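The values are calculated or read from the model by the stated rules, or taken from the named source; none is laboratory data. These figures come from a predicted structure and were not determined experimentally. Here Cβ is always computed from backbone atoms with ideal geometry, including for glycine, and neighbour counts include all displayed protein chains.
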């Protein structure tokens with residue numbers, strides 16, 4: 001499973017979006033799509049569990065979780081993995 | 001409260017949390033969730049027993065505290081990184097009155113905003129918990145120069161939890 005697929009799976013489980021995460025554009029605003037602040041905490045914890053890391057405090061901001069692309073960038077930054085492409 | 005620089009800036013933050021969502025998070029993530037978000041004091045105030053409590057009152061009280069943290073963030077208006085959740089602590093005194101203790105980045109944001117007082121009210125009734133935070137800020141920012149660079153922001157404990 002790719003990083004993007006994992007992120008979309010976690011969003012489907014935790015984000016309580018009004019839209020199917022599989023159909024959301026990677027730059028689409030997840031908060032506009034119905035993700036609450038509390039749901040974003042669940043997304044954060046699930047990402048940490050899945051990728052085995054902990055987000056540093058410097059990344060605990062709304063913009064880190066506002067889109068699939070932003071989440072992917074955050075995950076790749078913390079885990080040190082190269083980005084897609 | 002008089003500043004000589006105009007009227008204080010009154011900021012109000014409000015937030016609403018569905019209790020069942022907090023319950024689901026406790027069930028899914030357990031201590032990782034509660035210990036990442038809530039302080040020992042907050043957990044002590046909410047618990048009816050030891051360990052991870054799954055009672056409805058525990059989850060409703062946690063939801064109210066999460067709402068209080070969010071409401072306070074709306075008063076602090078962070079730009080960039082947010083404070084850690086535990087930097088915004090709901091305190092409850094022996095009489096049941098609630099207040100907010102700010103530390104870390106939350107205290108820094110309060111200082112930058114010139115926050116003179118911060119009041120919080122919590123309420124919960126299934127299926128929702130809610131909180132309102134009211135902050136009074138000194139016009140133009142920090143009213144105490146740099147002398148208040150500490151770990152605690154002034155709180156007013158006139159609020160309560162119903």
ask   = Within segment B:63-78, how many residues turn out to be at the interface with chain A (Cβ under 9 Å from one of its Cβ atoms) and either out of contact with any strand residue (DSSP E or B) (no Cβ under 8 Å at 6 or more places or on another chain) or surrounded by fewer than 23 Cβ atoms within 10 Å (Cβ to Cβ) (or both)?
value = 3
request  = Could you check segment B:1-74 for helices (runs of 4 or more DSSP H) lying wholly inside it with 2 or more residues that are at pLDDT 90 or above, under 16 Å from residue B:90 (Cα atoms) and more than 14 Å from the chain's Cα centre (by Cα)?
outcome  = B:31-37, B:40-46
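Away from chain A (no Cβ under 11 Å), in a strand (DSSP E or B) and within 30 Å of residue B:139 (Cβ to Cβ) - does that describe any residue in segment B:91-98?
yes
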ask   = Residues in segment A:6-34 that are surrounded by 15 or more Cβ atoms within 10 Å (Cβ to Cβ) and under 11 Å from the mean Cα position of the chain (by Cα): how many?
value = 10
key: Any pair with Cβ under 7 angstrom, 6 or more apart, that starts in segment A:58-70 at a residue that is away from chain B (no Cβ under 11 Å) and in contact (Cβ under 8 Å) with a residue 24 or more places away in the chain and ends at one that is assigned to a helix (DSSP H, G or I) and surrounded by fewer than 18 Cβ atoms within 10 Å (Cβ to Cβ)   = A:68/A:4
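Quickly run through segment A:44-57 and pick out the residues that are more than 7 Å from chain B (Cβ to nearest Cβ) and either closer than 16 Å to residue B:35 by Cα or surrounded by fewer than 21 Cβ atoms within 10 Å (Cβ to Cβ) (or both).
Hits for segment A:44-57 are A:44, A:46, A:48, A:49, A:50, A:51, A:52, A:53, A:54, A:55, A:56.
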ask   = Of the residues that sit in segment B:23-39 and are crowded, with 20+ Cβ neighbours inside 10 Å and facing chain A (nearest Cβ under 10 Å), which one is farthest from residue A:38 (Cα to Cα)?
value = B:29
key: Verdict on residue B:128 being within 14 Å of chain A (Cβ to nearest Cβ) and under 25 Å from residue A:63 (Cα atoms)   = no
